[in-house]
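The values are calculated or read from the model by the stated rules, or taken from the named source; none is laboratory data. Predicted model, so just to flag it, every value in this text is computed and none were measured. Note that we place each Cβ from the backbone using ideal geometry, even for glycine, and neighbour counts take in every protein chain shown. For accessibility, only protein heavy atoms count, side chains too; no ligands or nucleic acids. Shrake-Rupley method; radii C 1.70, N 1.55, O 1.52, S 1.80 Å.
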Amino acid sequence: MARCEFSQLSRDEPCCPLSRRGRLCLGLALLVLILSAAVLLVALTRSPTPTPEALAWNGTGSTRNLFAIVLGRCYTYTQLLRPGLGSEACPKILDAFKSAFISKNPCDIMKEDYQPLVDLVNQTVPCNKSLFWSKSKELAHQYSWVQGGMFTLEDTLLGYLADDLTWCGDPSSVEPNYQSCPRWNECLNHTGSVFWKVISQKFAESACGVVQVMLNGSLSKPFHKSSTFGSVELFSLDPRKVHTLQAWVMHDIRGNYSDSCSGPSIRELESIVNKRNITFTCQNNYRPARLVQCVKNIEHSSCASKI
Ligand code: NGD
């Protein structure tokens, strides 16, 4: 067999011919190389395994940084606002909140899903200090903030954690659905509305003494039987503990004076309350709450000091 030394090569001499076996080996090696390159190319250019699409809904998606906000609020509330409650439970509270809706269909949430979360929070509101509201959130919160001793649901830990947030999960993901969530009227067993029903019920069940409700007298119907106050809270008051419900019918300081304590809507409320063996009282434009409205409307005639 001819040996081919580099030193022997010159311009005129062709390289020594390869044996048949050598050519076969070279061919095979080339084939393997081409095949590997092709496999590599396919692997690199192929799109990743498609993840199932999240369900699409008509409402806005979960609030960005949802879990960081909930955890932060938990520490703010338990360490700074009401230090008595103890902040050690915050990580567990966050986990229970996640477990209630993560990886679930947001229209298929049951009251029981939130029970572990509710069970983690043991907070009682002192008698005579519960303030309910309906269509008057802003003023009710301003009033309770200024007054200092009253509790709306959002002044309790569970309400504080979730107020103004949107959240929902998706069966195909371990993350909240940040793209879309169902609107409240899109389904009955809605992630958000079930949560508010559960904690509103608990809030009302634990109320005692005289309780207050702030209603919006600038609406034609300040009291709605279908509202959370009218359908959940009112019927969760325990007549053995609550002797009086005081309604404050507040009118927008610059707006309509549509309905008042003597209107049909409030009379309907009165009749429900009386049937439940609870005394009903009503005041139009309860003065301390009116004065809160006056802070931004000092020139209004109803804000003049009465000496
Ligand atoms: O269709 C809706 C919708 N309807 C009500 N709300 C809705 N949110 C949607 N995204 N889509 C929310 O309920 C909204 O935040 C309202 O501000 C809030 C209350 O609705 P409103 O004014 O009609 O009053 P409700 O009587 O139904 O309920 C107020 C009472 C009050 O005594 C709280 O203790 O029930 C308790 N709560 C219920 C639901 C929600 C509080 C909240 C809250 N903080 O968001």
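Descriptive notes on the structure:
- Distance between the modelled labels on residue 122 and residue 271, one decimal in nanometres: 4.3 nm (7 Å Cα→Cβ projection).
- Charge tally for residue 137 (other residues, Cβ to Cβ under 13 Å; Lys, Arg +1; Asp, Glu -1): -4.
- Using the Cα coordinates of region 78-195, the gyration tensor eigenvalues translate into equivalent-ellipsoid semi-axes of 27, 18, 12 Å, sorted from longest to shortest.
- Accessible area of the chain belonging to carbon and sulfur atoms, whole % at 1.4 Å probe: 57
- Other residues within the sphere of radius under 14 Å centred on the Cβ of residue 259, judged by their own Cβ, net out at 0 (K and R +1, D and E -1).
- Nitroxide proxy distance, nm - points 7 Å out along Cα→Cβ at residue 184 and residue 33: 7.0
- Note on region 118-157: semi-axes of the ellipsoid equivalent to its C-alpha gyration tensor, largest first and rounded to whole Å, are 19, 12, 9.
- Length gained when the stretch residue 110-residue 231 is fully extended (0.36 nm per residue, less Cα-Cα span): 41.8 nm
- Karplus-derived HN-Hα couplings along region 289-303 (A = 6.51, B = -1.76, C = 1.60, θ = phi - 60°), whole Hz, x at Gly and Pro: 6, 4, 5, 5, 5, 5, 3, 9, 9, 4, 7, 5, 4, 6, 9
- Where only alpha carbons of region 173-250 are counted, the Rg and the Dmax (Å): 15.7, 48
- Total charge dipole magnitude, region 84-192, about the Cα centre, Cβ charges on Lys, Arg, Asp, Glu only, Debye to nearest 20: 260
- The ratio of the alpha-carbon radius of gyration of the chain to the globular-protein estimate 2.2 N^0.38 Å is 1.76.
- Whole-number D in µm² s⁻¹ for region 189-307, Kirkwood Cα-pair radius fed into Stokes-Einstein, 20 °C, 1.002 mPa s: 139
- Evaluated at q = 0.15, 0.26, 0.27, 0.29 Å⁻¹, a Debye calculation over the C-alpha positions of region 73-131 (equal weights, vacuum) places log10 I(q)/I(0) at -0.56, -1.05, -1.08, -1.14.
- Segment residue 240..residue 76, full-extension length gain: 55.6 nm, with 0.36 nm per residue of separation and the alpha-carbon distance subtracted.
- For region 224-307, averaging the sequence separation of C-alpha pairs within contact (under 8 Å, six or more residues apart) and dividing by the residue count gives a relative contact order of 33 percent.
- Contact order relative to length of the chain, as percent, for alpha carbon pairs under 8 angstrom and 6 or more apart: 17
- Environment charge of residue 296, counting only residues whose C-beta is closer than 14 Å and scoring Lys/Arg +1, Asp/Glu -1: -1
- Under-5 Å amide H pairs with residue 242, H placed in peptide plane, nonlocal only: 209
- Per residue solvent-accessible surface (Å²) - the chain, probe of 1.4 Å: 59
- Phi to ³J(HN,Hα) by Karplus 6.51 cos²θ - 1.76 cosθ + 1.60 over region 222-231, Hz, x for Gly, Pro: x, 10, 10, 5, 8, 5, 5, 5, x, 10
- Pairs from 221/296; 111/241; 129/296; 111/225; 92/275 whose Cα-Cα separation, in the structure shown, is over 30 Å: 92/275
- Karplus (6.51, -1.76, 1.60) ³J(HN,Hα), θ = phi - 60°, over region 70-83, in Hz, Gly and Pro reported as x: 4, 5, x, 5, 4, 5, 4, 5, 7, 9, 9, 7, 9, x
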